[in-house]
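**Q** Pasting in a structure now, in structure tokens, and then I'll have a few things to ask.
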Amino acid sequence: MKIIPVLDLLDGAAVHAVRGERSRYRPVSSQLCEGSDPVDVARAVLDHAHSSVIYVADLDGIMHGAPQQHALMRLMRAMPRIELWLDAGFTDRDAANALIAPLRATGANVTPVFGSESLRGPKDGSSMQTALVADVNAPASAAGNAIPHDAILSLDRRHDTPLGDPAHWHDASGWPSRVIVMSLERVGSFEGPDLAAIADVRRRAGERQIIGAGGIRNADDLRAAEAAGAHAWLIASALHDRRIPAARR
């Protein structure tokens, strides 16, 4: 099971995400590092998990439509070799390109994550498949606001209720090759992963990779999640509390 460390960014600081109650998030307190500086926290979780990939939730972008471009640029300049999975509340492909293009211009490796809670449906009434998947090399006029096929779709839900257009959950024909199953009420809760949600998506996902998020307490949870069909898991709290042992080098 691959671990993808998570960094939640709010107002320039790394914060502790709990149950998706974003108004209550406070600067992170970690056993892995001092303070809540995003670069220090990112380095600590990446080192602990021995990962070259980090998932960043830009909460200013998700909640207010005001992404933290300066903080993101600082992260990528400090760690130019990492791959950044970025969810900044993208409503469509054009919104993602506007934020990510300047980062990529510096050589940064950034993969956009489109959360179902933020994503708009197709403007022309076309199918979910057309809205979600497009040839990344296609001209903008041909692809419209479609999501590139190499991006990631996050299926967001809270207490079994899909966030955003429920069609993103139910119409698997439009899913890209990697799909996150995000159970927000379990994030930072240490209540265990939502194995039923993982298994449900796994049954409909074909050859796609499934990445889970929320609830991990220990290595046993990771093994159970893998058995349910997850290829990887997004983790923050269990890393900061050292509930997941440091990865072997």
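Throughout, read-outs are computed from the coordinates displayed, never taken from laboratory work. Please read these numbers as outputs of a predicted model, since none were measured by experiment. Here the Cβ is made from the backbone with ideal geometry for all residues, glycine too, and neighbour counts use every protein chain on show.
**Q** Starting from the Cα of Ala199, step 7 Å along the direction of its Cβ; do the same at Glu83; then give the gap between the two resulting points in nm.
**A** Going by the 7 Å Cα→Cβ label model, 2.9 nm.
**Q** If you consider only alpha-carbon coordinates, what radius of gyration and Dmax does region 1-45 have, in Å?
**A** 10.6, 32
**Q** Per DSSP helix of 4 or more residues, -39500 (n - 2.57); summed, then divided by the residues of the chain. What does that give at 222 nm, rounded to the nearest 500?
**A** It comes out at -8500 deg cm²/dmol, rounded to the nearest 500.
**Q** Given q = 0.20 Å⁻¹, what are the Debye log10 I(q)/I(0) values for region 139-249, with equal point scatterers placed on the Cα positions and solvent ignored?
**A** After summing over all Cα pairs, the log10 values are -1.04.
**Q** Still on this structure, I have one more. Zone of Ser52 (label point 7 Å along Cα→Cβ, backbone N under 16 Å): which residues in region 95-113?
**A** The answer is 108-111.
**Q** Another one. Just for the chain, what percent of DSSP beta bridges are antiparallel, to the closest 5?
**A** Restricted to the chain, the bridges split so that about 15 percent are antiparallel.
**Q** If you don't mind, there's one more thing I want to ask. Quick check: residue separation of Glu207 and His149 times 0.36 nm, minus the Cα distance between them. What number comes out in nm?
**A** That works out to 19.5 nm of additional length.
**Q** What fraction of the Cα pairs in region 8-113, stated in percent, has a spacing above 23 angstrom?
**A** 22
**Q** For the chain, what is the convex hull volume of its Cα atoms per residue in Å³? Let's see the in-between values first.
**A** On the way: hull volume 29.3 nm³, N = 249.
Considering the Cα atoms of the chain, their hull volume per residue is 118 Å³.
**Q** Could you run the Karplus curve 6.51 cos²θ - 1.76 cosθ + 1.60 with θ = phi - 60° over region 231-244 and give me ³J(HN,Hα) per residue in whole Hz, x for Gly and Pro?
**A** Whole-Hz 3J(HN,Hα) from phi for region 231-244: 8, 7, 9, 7, 9, 10, 4, 5, 6, 4, 8, 6, 6, 9.
**Q** Another question, then. Simple spin-label model, 7 Å along Cα-to-Cβ: Glu34 to Ala167 in nm?
**A** It works out to 5.3 nm between the two label points.
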